[in-house]
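To start, the structure itself, in structure tokens.
All of the numbers you see were taken from the coordinates with simple rules; none came from a lab. Quantities reported herein were computed from a predicted structural model and do not represent experimental measurements. Here Cβ is always computed from backbone atoms with ideal geometry, including for glycine, and neighbour counts include all displayed protein chains.
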Amino acid sequence: MNDAIIEQLTEVLKQRRQADADSSYVASLYRDGREKMLRKVGEEALEVVLAGRGDDDQALVGEVADLWFHSMVLLIDAGLEPAAVLQELERRFGTSGHAEKAARNT
């Protein structure tokens, strides 16, 4: 996987916080606030589910890309780096999913 695109997109998303909301979709998300971002993440998650039920692999990839994108906007709005998610996945790597979930529930 190429982390460079995540890093580049992170920087662009940070810069868009200062952009004109009338000319930047991302800036409009920041302007409209957290609730708008959460709705977009929810919408994109539903679209992933719907695409996953079909047999169009490219549609599924496109919807997951939309979900990741909007999730990154939400993370940056929360003052977090998308790299933190990658670090968390790395931390969990090699751990049984059942064991990892049980550790979170205790």
Choose one answer from GLU43, GLU35, GLU90: the residue with the largest mean-square fluctuation in a GNM of the chain with alpha-carbon springs under 10 Å.
GLU90
For n ≥ 4 DSSP H runs only, could you compute -39500 (n - 2.57) per run for the chain, divide by its residues and tell me the 222 nm figure to the nearest 500?
-24000 deg cm²/dmol
Listing PHE69, PHE93 from the residue with the fewest other Cβ atoms within 10 Å to the one with the most, what is the order?
PHE93, PHE69
What number in nm² do you get for segment 4-56 if you take the convex hull of its Cα atoms and divide its surface by four?
4.9 nm²
Taking just the alpha carbons, could you work out the radius of gyration and Dmax for the chain, both in angstroms?
15.7, 47
